[in-house]
Amino acid sequence: MIRFLAEYFGWLTDPSLVLMQLLSGIAGAMFLFLVASGLSLIFGVSRIVNFAHGSLYMFGAYFAYTWIRVLAGSPGQFWIMLILASLTVAVMGGVLEVIFVRRIYRADPIFQLLLTFAFVLVLSDIAKIFWGAEGKAVPKPGALAGSVKIFGAPFPTYLLLVVAAGLGVGLILWIVFYRTRWGRLVRAARHSRDMLAALGSDVPRLFTEVFMVGSGLAGLAGALVAPIVTAAPGMDASIIIEAFVVVVVGGLGSFLGAALASLLVAELKAFGTLVFPAISIVLAYLVMAVVLIFRPWGLFGRREE
Amino acid sequence: MNRTRRAFRVLRVLAAVLVAGTAWTAVPAGPAVAQVKALRVGVANSYTGVAIPYTIPEKEAMLLAVEEINAAGGVLGRPLELAFRDDKLRPDLGLTNLQELVYQEKVELILGPFSSGVSLAFADWAKQHKRLFIATIAATHRLTNEFWNPYVFRVNQHVFFTGRALARVAAKLPHKRYAVIGQDYEGGRVPWDAFLEVLKKEKPGVEVVSQQFPKLGETDFTPYITATLAARPEAVFVTLFGTGFQQFVLQAKPYGFFDKVQLIGPYSGRPDDHRGLGAEAPEGMLLNGYPWSADIAPFSSPPHREFVDKIRKRTGNWPVWGSITGYIAVKAAAAGVTKAGTTDNEKVIKALEKLPIDTPLGRMHFRDFDHQLTIPAWIGWSKVDPKIGEMTLTRIQEIPAEQGLQTKEEILEIRAKAKK
């Protein structure tokens, strides 16, 4: 028994390692949260499960590469790039919504899925045509290239920025949704779009705006992740699966759920590599399976009649 | 409609699509333009995720070879034509692709795959269907050892070769505490086994302190990096490749990874792996690779320089290792058919076993007992070359195939053991 504990949990005696894993998990959670919250937002309002959300994230990374080259040399280029990349993806999402997505809000889910899946294929080929097959490196600002010591554990400065950005975005989202008129409209639309339309709101416009905000969040996540993963084909597929795990565990449409499930999935990976390196990769899926069996509407989703 | 039920219907469909996941990026075949029946060659490969930095340039090099062959009158008077398929690194999809290529696209020869995992499935299929394939990148040595049959050919060096070459250099270094990080599949695990087997023989007292195998397609390596560093290894063997390697480097740098440990890698000296990093690539890594710009033979030879220029002209970029394997595979296939005078696969096999294969990197041949091309390996230490803005190797040692590959006796013994 003691030998078992020593073998699998010996790392607990090394507090700086525990801290390092905890921090790297938090940083991973921030990317997941940015992507999953956009996915969840769009679903909550329009009931569209947007398969192409990962593609928008990938385009965020590619636009980061393009904008940083356009802006080369100007002061604060990295920060301006983050804003421009998010906006570009938001506009892209808006165009997709106006031309295609709004035609299928009332269609059968299977058709919605087919359409957004088609986006995945088309967008991945477009990305290859514009940016080529090789990974595109996006430089970090010099000041963020190193690492800082947090209680003796080294932590990349850049990931600190990511954590700050994730928390900042979370806070802004909360203020927007619970403290502004627009947020009230969005929450009302989640409840009943027909009632909202009957009360004279411009519902189609609201849906477009929501789609743009969700896309912009994916774009921001892509632009933020670009400096540590390079913008490359295939990013779309890898993130979308994890994002779906997060929204299923957290509950579709729930922000708090997306935030906590992101943290759960990321920390499971971080500590799973210490305890059971051989099976750490399936832990998140196991959790998803358990949640689906016992609480199919997710940990924080609303069970609707 | 009940919204929750509807949502879960969507999720169910989604799961089904994820599982089925067919035709993510099917690559269309080139147009047929000749009156004579074209000789169709199927390329069963991976054009997804981590494979892309290898296989998209490889496709360009294949098309270049086809153009050259067709400009010179084709093969047996027939124009060559390629049909591409993407297996997404999945053996099951790879086998579906083979069926499609042979029975719908009517291809007469097969090139590929990229993935070691897929290649083992191909070996079995090839034997059953009596169809030869020339593996391009797939590098597990088991393909040409215990899983081999006469229908299997391979261009790339295999990982026992590169692992052994690296282990011999590593054995002379002072490091004793070793760790590994690699993708969780054949191509990530087997090189490590091969490396460790030889290293332990050459250097007693080597200790393995950490083994991390994240899933194929993972992009966040941070927890694996910190867990590995916490085990305090002196050297880390890294079998991540393609975009995976690039991501790993970007995430490992802030932890001072490359100052703390000696990185050793069987793949990462290839531009396919490091070009995405540009001048950010770490220096001092011990790697097997393709230092295409090196000022030594065979890289400085006129045929190779000419090859580099042709690729540059066609794609706007320098070649990668995939360019070499793809180009050689097409040229070898054409040479085999020309020599045999037919596409009858049995006769092409016999022809390929005897033919010298002229490549941009010199003359080579397929060994008759394992059909492994005698392509050498180049081991060196990474160094950024400001002239080309990317990493290359210095203190390069060329390891000839005869020194790196197992002998006929060794291989026959491995196969006999595997039968038992």
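The values are calculated or read from the model by the stated rules, or taken from the named source; none is laboratory data. Since the model is a prediction, treat every value here as computed from it, not as a measurement. Quick reminder, even Gly has a Cβ in these numbers, built from the backbone with ideal geometry, and neighbours come from all protein chains shown.
Miscellaneous remarks
- Identity of the residue in the range A:125-139, within 10 Å of chain B (Cβ to nearest Cβ) and surrounded by fewer than 22 Cβ atoms within 10 Å (Cβ to Cβ), that ends up modelled with the lowest pLDDT: A:GLY132
Listed here are the residues, each with its yes/no results for (1) of a type in the set (A, V, I, L, M, F, W, C); (2) without any contact (Cβ under 8 Å) to a residue 24 or more places away in the chain.
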| position | (1), (2) |
| --- | --- |
| A:ARG184 | no, yes |
| A:GLY219 | no, no |
| A:VAL225 | yes, no |
| A:ILE228 | yes, no |
| A:MET235 | yes, no |
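For every residue, the table says whether it meets (1) aliphatic (A, V, I, L, M); (2) touching a Lys or Arg at 6+ places or on another chain (Cβ under 9 Å).
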{"site": "A:PHE151", "(1), (2)": "no, no"}
{"site": "A:PHE155", "(1), (2)": "no, yes"}
{"site": "A:ALA164", "(1), (2)": "yes, no"}
{"site": "A:LEU167", "(1), (2)": "yes, no"}
{"site": "A:LEU171", "(1), (2)": "yes, no"}
{"site": "A:TRP174", "(1), (2)": "no, no"}
{"site": "A:ARG179", "(1), (2)": "no, no"}
{"site": "A:TRP182", "(1), (2)": "no, no"}
{"site": "A:ASP194", "(1), (2)": "no, no"}
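- Residue match in the range B:263-272 (condition: surrounded by 24 or more Cβ atoms within 10 Å (Cβ to Cβ), acidic (Asp, Glu) and either more than 9 Å from chain A (Cβ to nearest Cβ) or in contact (Cβ under 8 Å) with a residue 40 or more places away in the chain (or both)): yes
- Positions within the range B:167-202 being touching a helix residue (DSSP H, G or I) at 6+ places or on another chain (Cβ under 9 Å) and either among the hydroxyl-bearing types (Ser, Thr, Tyr) or touching a residue at least 60 places away in the same chain (Cβ under 8 Å) (or both), in sequence order: B:ALA170, B:TYR178, B:ALA179, B:ILE181, B:GLN183, B:TYR185, B:GLU186, B:GLY187, B:VAL190, B:PRO191, B:PHE195
- Condition met for A:ALA243 (crowded, with 21+ Cβ neighbours inside 10 Å and more than 12 Å from the chain's Cα centre (by Cα)): no
- Condition check for B:PHE221: more than 22 Å from B:ASN45 (Cβ to Cβ), more than 15 Å from the chain's Cα centre (by Cα) and more than 14 Å from chain A (Cβ to nearest Cβ): no
- None of A:LEU121, A:LEU159 is closer than 15 Å to A:ALA223 by Cα, within 11 Å of another protein chain (Cβ to nearest Cβ) and part of a helix (DSSP H, G or I) except A:LEU159.
- In summary, B:ASN288 fulfils each of the numbered conditions (1) within 20 Å of the chain's Cα centre (by Cα); (2) more than 16 Å from B:VAL155 (Cβ to Cβ); (3) part of a strand (DSSP E or B) with the single exception of condition (2).
- The condition of being in a loop (DSSP other than H, G, I, E, B) and either touching a strand residue (DSSP E or B) at 6+ places or on another chain (Cβ under 8 Å) or without any contact (Cβ under 8 Å) to a residue 40 or more places away in the chain (or both) holds for only one of B:GLY73, B:GLY42, that being B:GLY73.
- Subset tally (residues that are more than 10 Å from chain B (Cβ to nearest Cβ) and not basic (Lys, Arg)) for the range A:200-238: 24
- Just one residue in the set B:GLY322, B:GLY326, B:GLY284, B:GLY278 is within 14 Å of another protein chain (Cβ to nearest Cβ) and on the phi > 0 side of the Ramachandran plot; that residue is B:GLY278.
- Answer from A:ALA218, A:ALA270, A:ALA261 - the residue that is small (Gly, Ala, Ser), crowded, with 21+ Cβ neighbours inside 10 Å and under 17 Å from A:SER55 (Cα atoms): A:ALA218
- Candidate set: the range B:32-58, residues that are touching a Gly at 6+ places or on another chain (Cβ under 9 Å) and among the polar types (S, T, N, Q); chosen: the one modelled with the lowest pLDDT: B:THR48
- As a summary of the residue check, A:SER16 satisfies the conditions (1) more than 12 Å from every other protein chain (Cβ to nearest Cβ); (2) touching a residue at least 60 places away in the same chain (Cβ under 8 Å); (3) hydroxyl-bearing (Ser, Thr, Tyr) except for the one numbered (1).
- Scanning the range B:118-131 for residues that are crowded, with 24+ Cβ neighbours inside 10 Å and touching a helix residue (DSSP H, G or I) at 6+ places or on another chain (Cβ under 6 Å) yields a total of 2.
- So B:ALA235, is it over 27 Å from A:ALA133 (Cβ atoms) and at pLDDT below 95: no
- Single residue of the range B:238-258 satisfying the filter (more than 9 Å from every other protein chain (Cβ to nearest Cβ) and within 16 Å of the chain's Cα centre (by Cα)) that is surrounded by the most Cβ atoms within 10 Å (Cβ to Cβ): B:GLY244
- Residues satisfying the stated conditions in the range A:20-48, i.e. at the interface with chain B (Cβ under 10 Å from one of its Cβ atoms) and touching a Phe, Trp or Tyr at 6+ places or on another chain (Cβ under 6 Å): A:GLN21, A:LEU23
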